[in-house]
Each structure stands twice: as C-alpha cells, then as structure tokens.
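Derivation of every value follows stated rules applied to the coordinates shown; laboratory data play no part. In this text, all values refer to a predicted model and were calculated from it rather than measured experimentally. So basically every Cβ, Gly included, is an ideal-geometry build from the backbone, and we count neighbours across all protein chains shown.
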Amino acid sequence: MNIHEYQAREIFRGHGIPVPESAVAATPEEAEALAARFGGRVVIKAQVHAGGRGKAGGVKLAQSPSEAREKAAAILGMQIKGLTVHKVLVAPAADIGHEYYLGVVLDRKEGLPLIMASREGGIDIEEVARTNPGALSRYHFDPVAGLRPFEARQVAFAIERDGKVAAQIASTLQKLCAAYVAADASLAEINPLIRTLKGEVLALDAKVNLDDNALYRHPDLEALRDRTAELPEEDEARQKGLSFIKLDGNIGCVVNGAGLAMATMDLVKHFGGTPANFLDIGGSSDPEKVVTAIKIVTADPNVKAILFNIFGGITRCDDVAKGLVEAIPRSKVKLPIVIRLTGTNEAQAREILKGVAGLTSAESMDEAVQKAVALAQA
Amino acid sequence: MSILIDQNTRLVVQGITGRDGSFHARAMRAYGTQIVAGVTPGKGGQSLDGVPIFNTVKEAVVLAGANASVIYVPPSFAPDAILEAAYAGVQLIVAVTEGIPTLEMVPIIGELKRRNVRLVGPNCPGLISPGKCKVGIMPAEIHMPGPVGVVSRSGTLTYEMVHQLSTNGIGQSTCIGIGGDPIIGTNFLDVLPLFQADPETKAVVMIGEIGGTAEEEAAQFIKTRMTKPVVGFIAGQTAPPGKRMGHAGAIIAGGTGTAAEKMRALGEAGIPVARIPSEVGPLIRHALGLS
C-alpha cells in the first residue's frame, strides 16, 4: 500500500527523524494561512501516489503567503500520472547546503533489507542505480537486531566526511531502519536528506510503501489508506479478498491464481484482444467471490465480453460454478461469458452449469481466449 | 528418481483440521502420499480418517516418524508453524499459506539455513513427484510420471503447463511451485541443480513472472552449469508497472523486473522461451528429441 508524503512524515517524526515542521492544505486559502504561519517562504508539494512530482510541476516554491495561495491553486486539481491532486503539503523553505539520498528497500535475492545511500540526493535514484551504480552505497542489515551504531557510521562516512554531519546522518539512518521494520514497510526513503547552511541534517521528503501482507497487524497504518486514490472497484475487490487491477481493454478477465491471470491477459493480447483488467479470485474457494468478481468486471462500461479461466487446485471448480449460477441472474449487465474450468471437482462444475444460458464453454485456454476475443469484437 | 519427495516421504500436515487442511490431507492420501500425522494444537488424540492428530510437530516426528511437513495454517500463525517444524527435526517444509508479512520471513530463512532445513514456499502450491508422492494442493490427475522437471513461481499457471505436457504425452519427474512471495525458501537457483543431478529428469520447464531478478540469475546458471535442456515461460508481459499483480512478489518496481527483461535474459542464455503457454509442449518435445 502506498501512503502520502505527509503521512510518511508523521511516521518518521514518531521515530525521531528530524523532519521540519509541515502541514497539509486542501484549498488555496488553507495553503496561504499555513504559509503565513511558517513565515512566508514555503514549498508547496502535491500529495499523490506517484514519483516524479517535481518534474510534473507538482512541487513549487512560494516567496509569500499570497504566492503560496496561487501556487497551491495551480497544483490542487492537477493530474500527475493520471492521479488527481486533492491535497498539498506546505513546509517552510529550507536553506539547502547539500542534498543526500537515504533509502531502505527489500533485497529479494539476499532475503534482507538493503540500505541505499548516496552523496547526491534530490535526484531520480532509479536512474542513478542504472547509469551510475558506483555512486550508490549499499548495505544489508538484520531487521531483528536493527542497524547497529557502527554499521550506521560506516554508511554515513561513505557519503559524508565531516564528522559532525556524518554523526547526524548515522543517527537518522538508524531511525529510518527502525521505522522501516516497525511499519513492515517495503520501502522507506528520504530524498533528499539535506545539510542546511548551518550544518543541520533534515529530512525534506518522506516516502513509505507498506507491505500489504502485514497490514492486518497495523490497523493504525491501514487507517492511512487514501480511498480517493484508488477506484471504487479496486477498493471493493480488496475488501472481498480479490486482487483486481483495472486496465483499459474490453475483455473482462476472471481467473484463479496470479500467474494464470497474468498469462491469460498476455494471451488475450497475443490473440489480438485487449484485457480490461487483472483479476485473481484467490486461492480459497468461495462462491460469493465469483458473484463479486462479476459485479466488479461488469461495472466497467468498456467490457464487451467476460472470460473465466479457472484451473482448480485449492479453488474448487464446483464453487466457481455455484457462484456463476448465483451471479448471472443478479447481474444487471448482460454480457457474453466464455468459461473454461479444469481441475478439482471439474465434473461437478459441468453438471451445475448444464443448461445455464449465455455461457460459451471452452476446453483449452487458447480456445477460451480466442472465443472471448471474437465475442468482444462482434 | 525425482527430487525432494518420493515414496519414502513421511508427511505431517500442520493445520489438518481446517477446511483446506482436511480437504487436501485426504486428497494427498488418496494419491498415495504417506500421511503419518496431523497437527492441530488442542486436538491431540483425535484422528482424521485414521491419521493420528498431535498437539505438536515434535510428537509427530518422535511418535509417527514424520520427515516432512506441509503447512495449511493462517498467515498470522504460519511463521511459528514453519519454525516449529524446523525445530522438531523435519527435513522438508512446504508452506502453502499465502499472506505472511515479508519481514517475518527474513529471520526464518536465516534460521532454516543454519539448521539445513529446506523450505518450499510460502505462498506456493507445493510439489508432486507423479506416481509417488504429492505434497500440496495441486490437482493430481493432470500429472503423469515422466522425464520433465517443472519449476514455477505460480500455482495455477503451473497446472496449466503440466496439463499441456501430459496431454502432449510428456510426463513429469517432479513439479515444484516455489511460491509467489518476494522472499521464499527455495528459488530457481536451488531447484535447477537438483534437476540437473536427477537421472530421471531429462529436461526442465521453468515458469517465471514479473518482479525480482530470480529468472535472470537462473538464466546465468543454466547457461554455465546445466547440460539438460530448459524451456522457459514468463507471465506478465501486459502487466502495468508499479502494481502488485496478485502475488506479493509480482511487481515491476523501479523499472526492473519486467517480462521483457527476463525473456531477453533467457534468450541470451540460449534458452527457448515460449511466447504463449501452449508453445511449451512443442518446445519440450523438440528439446527431448521427440519431434
């Protein structure tokens, strides 16, 4: 799950990371009032779940409260990578002496959290990792023990020679690692971390992505979810235990298993169609999930045909069939459905679906996809 | 031969009294797997179709001689269940459970390495050596014994591939689903050497997906260390970046982990890559010299 910068700043503050004072505004007037409170010269930053906000024009400097109002008016409502900006963060402008980068990610290959640190911050770190990997210091740490002081110093001195500044960076890094572990994050990043002209180290930005699997044990973090940043169908799917991602095609896909769902989308494309979504009804059997799946898929007006591709394992084909029998009469939208069911309790499923109108059945995945593509084009 | 499991596997089912645990315990037993025990804390002394249920895995090992475990317990209990099995002395642990917090797996993987215990999963369908033993949730009837090893990050996509192999008349030595999480106990790089060393396995199907770099690392190993032919497939060519595609590990992050990159890495290592699932059968037939 992604959270906003202003929320990530709160998490960082809670761990003692030096984050300058800031507040959130939803209107230009609120931004103006905040700028006045912060002494006039402020930074206005769009709060959206997208990187590259600066490049997109979502970060602006204002010299006065009235200018803050104008800049906030320009940023509020703008679209960044398809997402509408509903809130801006207002913070006093800092006197930047130098910009660094600090981040913690998961290294899947090593199975450990990985610190990435760079002497040059405020830049696209993914670009640096690709083009100039030598500029990045990398260090793995044990999340149970936490980052030890000597380890933090080692990373800090790799990016800053000045002892007083390096000590502040080391302390910040330890707290960043603690925040990463405590929040069950998949990413925690400060870009940029700065040294002010007075030699003080401050986190001017905050980014945290959370591990969805761990949210069950962090109700406080789950509460940070911004429902305006996702589609209502995606929200409903998640609450019903389905994994749904909307795409822009016209064939609604209902599949069990993430790998098969991706392969089904790929095959739709291969046979000349376009998938309307990724939808994994999950590993466990439950007819209700099929009912929800149909509802979510048919909510998209672009969808012209629905493709069911079910390979039973822990999912039982008869449960899917029961769900279909229940869902079809309840659905307001009548669309052609192509169904392919193979695996656990396949015979029972065929029996249940016998005589259900509006279903086209298929034996193989290739056949099912080709039929769905043809029906969507008809 | 086969890898990891066979007729000598003596399995304990952790979570045997749950809906999924009991359903799949019966299915595994019907296939011929030796289920020697079940474990549900508080239900020790009961039995499921004659399989004794114990309160602890330790009892299952000491009293019933279990040497492998399969885990069907919910995600909040699964990390403890994995460690319980490792401490009890089983050699192979298969964690079917989906949804374990990623950072919880970090110390567990370290502990299992120290104890030299193999974990398959979590978030995996398990493994099957057709005709000998099944540990997991896959539909058994699609498999048949034969010369092809299958290794995959997916569950149902693996069934799809196996089904195609079997309908093409090509059996399997062992099919193993390694799981869709970012941190897993057994990766492609752990399985490929086992297939290379297994005399029964003549060729391998490797099914990858977006996210991480495990396929690229596997490609390097195949190119330099394997003499047996490998056929690849990568799911997620149409997946948008930055979105988690069902599996916790299936995400294109920071522009890396795309299907295109992985297909290119496999291709550059001389590994034939199927563009669509139904090409896997013909490519394997060709690799085995059958057509």
Whole-Hz couplings from phi, Karplus 6.51/-1.76/1.60, listed for region A:291-306; x for Gly and Pro:
4, 4, 4, 4, 4, 5, 5, 6, 5, 8, x, 6, 5, 10, 7, 10
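I want to verify the translational diffusion coefficient of the protein assembly as shown in µm²/s; compute it with Stokes-Einstein, Rh as the Kirkwood radius over Cα pairs, at 25 °C and 0.890 mPa s.
On the way: Rh = 26.5 Å.
Once the numbers are plugged in, D ends up at 93 µm²/s.
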Enter the angle in degrees (range 0 to 90, nearest 10) between the Cα long axis of helix A:163-182 and the first principal axis of the Cα atoms of chain A, meaning the one along which they spread out most.
20
If amide H atoms are modeled at 1.01 Å from N in the peptide plane, then the residues at a separation of 5 or more from B:Ile93, or on another chain, having amide H under 5 Å from its own are B:Ser69, B:Arg118, B:Leu119, B:Val120
Where a Cα-Cα gap under 15 Å defines reach, which aspartates and glutamates qualify for A:Lys164, not counting those fewer than 8 residues away within the same chain?
A:Glu200
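Report the convex hull volume per residue for region B:10-120, counting only C-alpha atoms, in Å³. Walk me through the numbers on the way to the answer.
Values: hull volume 9.7 nm³, N = 111.
Hull volume normalised by residue count: 87 Å³.
Which of the three applies to region A:231-377, rounded, prolate or oblate, going by the alpha-carbon gyration tensor with a ≥ b ≥ c and a/c under 1.5 meaning rounded?
Values: a/c = 1.28, a/b = 1.11, b/c = 1.15.
Rounded shape, in that the Cα axes give a/c under 1.5.
For a footprinting-style exposure proxy, rank A:Leu61, A:Leu114, B:Leu48, A:Leu324 by other Cβ within 10 Å, fewest first. Intermediate values should be presented prior to the final figure.
Details: A:Leu61 12, A:Leu114 16, B:Leu48 20, A:Leu324 25.
With the sparsest Cβ surroundings first, the list reads A:Leu61, A:Leu114, B:Leu48, A:Leu324.
Between the DSSP loop rule and a limit of at most 16 other Cβ atoms within 10 Å, which chymotrypsin sites (Phe, Trp or Tyr not before Pro) in region A:135-191 are left? Present the calculation step by step, with values, prior to reporting the outcome.
Numbers: sites: A:Tyr139, A:Phe141, A:Phe150, A:Phe157, A:Tyr180; in loops: A:Phe141.
Answer by residue number: there is no such site.
How would you rank B:163-174, A:1-12, B:201-212, highest first, on the average number of other Cβ atoms within 10 Å across their residues? The partial results should precede the final answer.
On the way: B:163-174: 20.0, A:1-12: 21.8, B:201-212: 26.2.
Packing proxy ranking, top to bottom: B:201-212, A:1-12, B:163-174.
Could you tell me the relative contact order of chain B? Use alpha-carbon pairs under 8 Å, at least six residues apart, and round to a whole percent.
Values: 679 pairs, mean separation 41.1, N = 291.
Computed value for chain B: 14 percent relative contact order.
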Rounded to the nearest 10, the angle in degrees between the Cα long axis of helix A:149-159 and the longest principal axis of the Cα atoms of chain A comes to 80
Using θ = phi - 60° and Karplus 6.51 cos²θ - 1.76 cosθ + 1.60, couplings along region B:247-261 (whole Hz; Gly, Pro as x):
5, 4, x, 8, 8, 7, 10, x, x, 10, x, 6, 4, 4, 4
When a footprinting reagent is the concern and you count Cβ atoms within 10 Å, what order do A:Lys371, A:Lys334 take, fewest first?
A:Lys334, A:Lys371
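Quick one: dipole size for region A:21-93, taken about the Cα centre, charges +1 on Lys/Arg Cβ and -1 on Asp/Glu Cβ, in debye to the nearest 20.
Values: 10 positive and 6 negative charges, 67 e Å.
Dipole about the Cα centre, nearest 20: 320 debye.
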Pairing the Cα long axis of helix B:156-167 with the longest principal axis of chain B, what angle in degrees results, from 0 to 90 and rounded to the nearest 10?
70
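With +1 on each Lys and Arg Cβ and -1 on each Asp and Glu Cβ, how big is the dipole of the protein assembly as shown about its Cα centre, in debye rounded to the nearest 20?
On the way: 67 positive and 70 negative charges, 73 e Å.
About 360 debye.
Going by how many other beta carbons lie within 10 Å of each one, how would you line up A:Tyr100, B:Tyr87, fewest first? If you can, show how the numbers build up before the last one.
On the way: A:Tyr100 23, B:Tyr87 15.
In increasing order of surrounding Cβ atoms, one gets B:Tyr87, A:Tyr100.
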Below 13 Å, Cα to Cα, which aspartates and glutamates can A:Lys71 reach? Residues fewer than 8 away in the same chain don't count.
A:Glu29, A:Glu30, A:Glu32
Most mobile of A:Leu242, A:Leu147, A:Leu353 in a GNM of chain A (Cα contacts under 10 Å)
A:Leu353
Place a +1 charge on the Cβ of each Lys and Arg in region B:138-287 and a -1 charge on the Cβ of each Asp and Glu, then give the dipole magnitude about the Cα centre in debye, rounded to the nearest 20.
240
